[in-house]
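Undergrad: Supplied in structure tokens, the structure appears directly below.
The values are calculated or read from the model by the stated rules, or taken from the named source; none is laboratory data. All figures in this text were calculated on a predicted structure; none of them were measured in a lab. We place every Cβ from the backbone using ideal geometry, glycine too, and count neighbours over all the protein chains shown.
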Amino acid sequence: MSEVWTIGKILKWTEEYFQKAQLDSPRLDAEVLLAHVLNRPERIYLYVHFDQPLEQSELAAYRECIKRRVQHEPVAYITGHRDFMGLDFKVTKDTLIPRPDTEILVEAVLQRLPAAGENTTLADIGTGTGAICLSLLNYLPKLRAMAVDISPGALAVAQENSLSLGLSQRVEFFQGDLLAPLKAKGELLNAIVSNPPYIPKADIAALAADVKAYEPMGALDGGEDGLDFYRRLLAESGDLLKDGGFLAMEVGIHQACQLDALAKDMSQWGKCEILRDLAGIERVVILWKA
Ligand code: GLN
């Protein structure tokens with residue numbers, strides 16, 4: 001007689017297996033993947049049905065997920081989804097997986113555009129899944145946005161997310177290099193937001209296997225010192241902003257003060273705000289048009 005695997009038993013087995021494979025969050029990963037296989041996005045289902053036996057087909061599908069995860073494939077690529085700002089985003093290997101740190105950037109922009117009216121427009125440069133601009137659109141019902149990415153694969157995902165979140169009427173997508181499509185359009189913006197690639201070349205080799213082997217290098221590699229994209233954003237954004245507008249960017253560790261220094265040498269920038277993430281690392285830089 002074949003062994004009966006209940007939800008509780010398979011979770012315990014998988015947690016231990018993931019632990020041996022030195023994954024960072026073995027229990028959480030085991031739960032998220034099983035909830036995905038059972039088509040129950042709420043993990044609470046697992047606890048309410050701890051003694052439910054799994055069907056052979058469910059076991060087989062879960063085994064496939066486990067195999068992928070122990071090779072360090074990120075959970076979000078296996079499930080194809082990630083929650084960001086309380087919204088469900090589709091993710092694929094063409095897109096960086098939205099990080100909790102990036103919610104600091106979104107919240108900072110929400111606080112600075114509180115009364116976004118009909119004529120408030122924002123651009124998201126390097127939109128990836130669209131996580132930043134779509135969550136802003138979701139929480140600011142009158143905002144309009146333009147989202148740019150150089151990767152057609154990423155743009156297709158962002159576009160799909162705009163449809164599934166019911167936000168497609170207020171966002172326009174452009175394939176192109178940083179601000180180029182916006183310059184061509186010539187419309188002035190209230191804000192420009194970006195989480196550009198910012199990992200310095202020398203740090204790429206030391207990235208976690210989950211990141212290095214799976215996430216798109218084009219969304220991570222920021223050049224020699226990690227600042228390549230910021231140099232261009234700082235030089236080119238000022239002309240595209242309305243008076244009173246701002247450029248808000250996520251940055252990597254130790255980069256905020258370097259951006260502040262770069263901005264001080266440019267006449268288009270006035271006040272510089274630096275915000276920390278939950279780990280206390282300077283994570284967001286906001287430059288106000290002078
Ligand atoms: N936060 C990402 C990481 O540490 C990097 C994102 C980026 O380069 N914009 O892996």
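Undergrad: Please give the helices (runs of 4 or more DSSP H) falling wholly within the stretch 14-124 in which 3 or more residues are out of contact with any Gly (no Cβ under 8 Å at 6 or more places or on another chain) and touching a residue at least 24 places away in the same chain (Cβ under 8 Å).
TA: 26-37, 56-70, 75-79, 102-112
Undergrad: Taking the stated definitions as given, is Ala123 closer than 18 Å to Leu179 by Cα and away from the ligand (no atom under 15 Å from the Cβ)?
TA: When the stated conditions are applied, Ala123 passes them.
Undergrad: Then there is this: Across the stretch 245-270, what is the number of residues that are more than 11 Å from the ligand (Cβ to nearest atom) and part of a loop (DSSP other than H, G, I, E, B)?
TA: Number satisfying all stated conditions: 5.
Per-residue answers, yes or no, for (1) without any contact (Cβ under 8 Å) to a residue 40 or more places away in the chain; (2) over 20 Å from the mean Cα position of the chain (by Cα):
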site	(1), (2)
Leu262	yes, yes
Gly270	yes, yes
Ile274	yes, no
Val284	no, no
Leu287	no, yes
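Undergrad: Exactly one of these conditions fails for Thr6: (1) farther than 30 Å from Pro152 by Cβ; (2) out of contact with any strand residue (DSSP E or B) (no Cβ under 7 Å at 6 or more places or on another chain); (3) surrounded by fewer than 19 Cβ atoms within 10 Å (Cβ to Cβ); (4) modelled with pLDDT of 95 or more. Give me its number.
TA: Among (1) farther than 30 Å from Pro152 by Cβ; (2) out of contact with any strand residue (DSSP E or B) (no Cβ under 7 Å at 6 or more places or on another chain); (3) surrounded by fewer than 19 Cβ atoms within 10 Å (Cβ to Cβ); (4) modelled with pLDDT of 95 or more, Thr6 violates only (2).
Undergrad: Something else: Testing Lys183 on (1) within 10 Å of the ligand (Cβ to nearest atom); (2) of a type outside the set (Phe, Trp, Tyr); (3) more than 26 Å from Glu103 (Cβ to Cβ), one condition comes back false. Which one is that?
TA: Among (1) within 10 Å of the ligand (Cβ to nearest atom); (2) of a type outside the set (Phe, Trp, Tyr); (3) more than 26 Å from Glu103 (Cβ to Cβ), Lys183 violates only (1).
Undergrad: Find the residue count for the stretch 263-278, including only residues that are surrounded by fewer than 20 Cβ atoms within 10 Å (Cβ to Cβ) and farther than 20 Å from Glu103 by Cα.
TA: 7
Undergrad: Quick one: is Leu220 on the phi < 0 side of the Ramachandran plot, surrounded by fewer than 17 Cβ atoms within 10 Å (Cβ to Cβ) and within 9 Å of the ligand (Cβ to nearest atom)?
TA: It is false that Leu220 is on the phi < 0 side of the Ramachandran plot, surrounded by fewer than 17 Cβ atoms within 10 Å (Cβ to Cβ) and within 9 Å of the ligand (Cβ to nearest atom).
Undergrad: Regarding the stretch 82-105, can at least one residue be identified that is crowded, with 24+ Cβ neighbours inside 10 Å, more than 21 Å from Arg40 (Cβ to Cβ) and away from the ligand (no atom under 15 Å from the Cβ)?
TA: no
Undergrad: Taking the stretch 21-34, which residues are more than 19 Å from the chain's Cα centre (by Cα) and farther than 16 Å from Ala209 by Cα?
TA: Listed by number, the residues that qualify are Arg27, Leu28, Ala30, Glu31, Leu33, Leu34.
Undergrad: Search the stretch 140-159 for residues being surrounded by fewer than 22 Cβ atoms within 10 Å (Cβ to Cβ) and charged (D, E, K, R), and hand back the single one that is modelled with the highest pLDDT.
TA: The residue in question is Arg144.
Undergrad: Can we say Ala145 is part of a strand (DSSP E or B), over 17 Å from Phe229 (Cα atoms) and either of a type in the set (D, E, K, R) or in contact (Cβ under 8 Å) with a residue 12 or more places away in the chain (or both)?
TA: yes
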